[in-house]
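Read the figures in this text as sums done on the coordinates, not as results from a lab. None of these values were measured; they are calculated from a predicted model. As a convention, Cβ positions derive from the backbone with ideal geometry for all residues, glycine included, and neighbour counts pool all protein chains shown.
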Amino acid sequence: MPPELDETATLRAAGLRVTRPRAAVLRAVRDQPHADARALVDQVRHELPAVSRQAIFDCLNTFAELGLLRRIQPAGSPARYELRVGDNHHHLVCRECGAVSDVDCSVGAAPCLEPALDAAALGPQAGGFVVDEAEVIYWGRCARCASAHANPA
């Protein structure tokens, strides 16, 4: 949700009742793209101290199910949340500090990867499988960690 969009309109468009916790969760995800639930709980509770952790988790789950936000979970990392949805972009993840950055899909339309679903090779589970999303994670070192690695103190 870009800063110019209104969380009230976003919630209503999704058929959800507008509540202070829901709006606060959307703002938290907007302000901290790729944050994990713990960081989002901290931010929401800074704004609304009485809101329960469970209410925040419920909002995150509902928003992910409705496609208002995207949940990603790089290997070895807790789930992270972002509002950039529907464009099949991918992510860069730093192996050292865990920083996550968006990277646009390199080629083609969503999904930009087409698996070889050979029913004979994969067995009956491949038959009729319809791909609707490709998730690619590029692993490496962010510029800060690469620089620190190249120039140890």
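Observations
- Cα gyration tensor shape for segment 1-107, rounded if a/c is under 1.5, else prolate or oblate: oblate
- Less than 5 angstrom separates the built amide H of Arg84 from those of Arg70, all sequence-distant by 5 or more or on a different chain.
- Sorted peptide list for 65-77, 88-100, criterion being average Cβ within 10 angstrom, highest first: 88-100, 65-77
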